[in-house]
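Since the structure comes first, as structure tokens, the remarks are kept for the end.
The values are calculated or read from the model by the stated rules, or taken from the named source; none is laboratory data. Because the structure is a prediction, the values reported are computed rather than measured. No Cβ is skipped: glycine too gets one built from the backbone with ideal geometry, and neighbour counts run over all protein chains shown. Areas reflect the complete protein model, heavy atoms only, side chains present, ligands, DNA and RNA absent. Shrake-Rupley method; radii C 1.70, N 1.55, O 1.52, S 1.80 Å.
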Amino acid sequence: MTGQMRTGPAARDAEFRGIDPPALNQLIKQVQDANTAIKGWLNTHRPPPGVSATGYRQADQVAQWAADQLGMLTRRYNFAITHPDQGGGVTPPPVPSPDPGPSGGPGKGPSDAPAPVTPPRPIRPTPPNGAGGDLGNFPTRQAAAKAARADALAVATAVKGGKPVPDSVWKHLKANADDPDYTETLHERLGPGSAAALLKAAQGDKARLKAVQESLGTASYHLTMDVRWLRAFLAEAERTGVHPVAVQVLTGANMSRKTREALNRLGLRQPSPT
């Protein structure tokens, strides 16, 4: 089963440590199917009167456990998509050559030759984002989405009223620009118009513009940013006088493949990802 689920980087490297997104996606689907099957059975097999409901309660607890795991697994999957684990290890040091002898040639005898050095086994790095490591500033997807909705509302209210975007929003955006769940909800709620309005609100502040850029790149992996979305974003930027900034932000962001293709169709080419 484990071998069959390895279809990404783990399939190419038996010692891979991290998250294999296709395998994790398959696991999520299996947990979803199991949860649906258990709930379906429970809804159609209520214990009759006078019969112990212990087994029913235990099955219900399993269903609740599966539902709880889905939120965590999906959050890890989202992080794995936007923060891919590369695997790899530490390059071992080179094996030193024997000291030269008196004539400049290779040394002879036990007094000249160093003991053979065996290269150490490559050390795997600590699993990065998603693989039991950093999952951002929110414990769950729901918590990240809740914070994003509050910030999106604050942005929309400020823009509509012609007021500065609150400092708290900029602080949250900088801290969570790499969070897939936060940024997806934020830009879904903002839409292209209000997202572009953030560029105007940044007032040339490089740190704020960088946060907007990074958040757009992260969101693009889970939110549809097609040609239509990009055109609306650029149109609002043009209207507010920040079109050059918008182009710079879009072309400099780490966008998803589909969003890069949409940018190319608009004649806005990004550097090829390394």
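Here are a few things to note about the model shown:
- Of all residues in the range 187-209, none satisfies being crowded, with 16+ Cβ neighbours inside 10 Å, polar (S, T, N, Q) and closer than 24 Å to Gly267 by Cβ.
- Per the listing Ala237, Ala253, Ala246, the residue uniquely within 20 Å of Asp178 (Cα to Cα), open to solvent by less than 30 Å² (accessible area, probe 1.4 Å) and more than 22 Å from the chain's Cα centre (by Cα) is Ala246.
- Residues that are surrounded by 14 or more Cβ atoms within 10 Å (Cβ to Cβ) and not in a helix (DSSP H, G or I), drawn from the range 163-175: Val165, Pro166
- Every residue from the range 211-234 that is over 16 Å from the mean Cα position of the chain (by Cα), touching a residue at least 24 places away in the same chain (Cβ under 8 Å) and open to solvent by 30 Å² or more (accessible area, probe 1.4 Å): Asp226, Arg231, Ala232
- Checking Asp178 against (1) within 20 Å of Gln142 (Cα to Cα); (2) part of a helix (DSSP H, G or I); (3) open to solvent by 10 Å² or more (accessible area, probe 1.4 Å); (4) not small (Gly, Ala, Ser), the condition it does not meet: (2)
- Selection of first residues in the range 52-76 that are on the phi < 0 side of the Ramachandran plot and of second residues that are modelled with pLDDT of 80 or more and not in a helix (DSSP H, G or I), restricted to Cβ pairs under 7 Å at least 6 apart or on distinct chains, gives the following pairs, ordered by first then second residue: Gly71/Thr140; Arg75/Thr140.
- The set of residues in the range 177-205 that are charged (D, E, K, R) and under 17 Å from Pro164 (Cβ atoms) comprises Lys200, Asp205.
- When the range 137-162 is filtered for residues that are surrounded by fewer than 17 Cβ atoms within 10 Å (Cβ to Cβ), charged (D, E, K, R) and modelled with pLDDT under 95, only Lys160 remains.
- The range 215-274, residues that are under 28 Å from Ala145 (Cα atoms), of a type in the set (Asp, Glu) and in a helix (DSSP H, G or I): Glu236, Glu261
- Tally, over the range 22-53, of residues that are among the β-branched types (Val, Ile, Thr), at pLDDT 80 or above and over 35 Å from the mean Cα position of the chain (by Cα): 1
- When residues of the range 54-73 are limited to those that are in contact with a Leu (Cβ under 9 Å, 6 or more places away or on another chain) and closer than 30 Å to Met255 by Cα, the one modelled with the highest pLDDT: Leu73
- Extreme residue, surrounded by the most Cβ atoms within 10 Å (Cβ to Cβ), among residues of the range 30-54 that are under 14 Å from Leu70 (Cα atoms) and not acidic (Asp, Glu): Asn35
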